[in-house]
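J.: If you scroll down you'll find the structure; I have some questions about it.
Any read-out appearing in this document is the output of simple, stated calculations on the displayed coordinates, not a laboratory observation. None of the values given here were measured: they were computed from a predicted structure. Every residue, glycine among them, receives a Cβ derived from its backbone with ideal geometry; neighbour counts consider all protein chains shown.
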Amino acid sequence: MNRYERPPGPLSEAVVEYLDAELRVIRPGAFVRCAVTGQAIPLDQLKYWSVDLQEAYASPAAVLTRVKQRKSAIRL
């Protein structure tokens, strides 16, 4: 960390690498953002993510929305 970087605070966003069945925290923080809804997801409540897209999702509905978006993009 250099002098211009702030240490992560209790309400900072984490940077995470999404792996199969686990996460690797790159920069500590309290939450990540849902790629579909933008909702903050506390790290201890994160259950859904995409390894291929490296995205987190707040709920199964958000996952389904992303799958539908990708299918429609492929058809174009």
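J.: Using the charge dipole of segment 15-75 (Lys, Arg: +1 at Cβ; Asp, Glu: -1 at Cβ; taken about the Cα centre), state which of Gln39, Val15, Gly29 has its Cα farthest towards the positive end.
T.: Positive-end residue among those listed: Gln39.
J.: Dipole magnitude of the chain about its Cα centre, charges +1 at Lys/Arg Cβ and -1 at Asp/Glu Cβ only, in debye to the nearest 20? Present the calculation step by step, with values, prior to reporting the outcome.
T.: On the way: 11 positive and 8 negative charges, 73 e Å.
Roughly 340 debye for the chain.
J.: Determine the gain in length on full extension of the stretch Thr37-Ala21; use 0.36 nm per residue of separation and subtract their C-alpha separation, reporting nm with one decimal.
T.: Numbers: separation 16, 0.36 × 16 = 5.76 nm, distance 2.24 nm.
Value of the extension gain: 3.5 nm.
J.: Can you check what the net charge comes to around Ser59, using other residues whose Cβ is under 12 Å from the Cβ of Ser59 (Lys, Arg +1; Asp, Glu -1)? Show your work: numbers first, answer last.
T.: Values: positive: Lys47, Arg66; negative: none.
Combined, the nearby Lys, Arg, Asp and Glu give +2.
J.: Measure nothing fancy, just the Cα-based angle from helix 60-75's long axis to the longest principal axis of the chain, in degrees from 0 to 90, nearest 10.
T.: 60 degrees
J.: So, one more: Name the trypsin sites (Lys or Arg not before Pro) in segment 9-76 that are in a loop by DSSP and that have at most 15 other C-beta atoms within 10 Å, would you? Kindly include the intermediate steps, with their values, before the conclusion.
T.: Numbers: sites: Arg24, Arg33, Lys47, Arg66, Lys68, Arg70, Lys71, Arg75; in loops: Lys47.
Sparse-neighbourhood loop trypsin sites (Lys or Arg not before Pro): Lys47.
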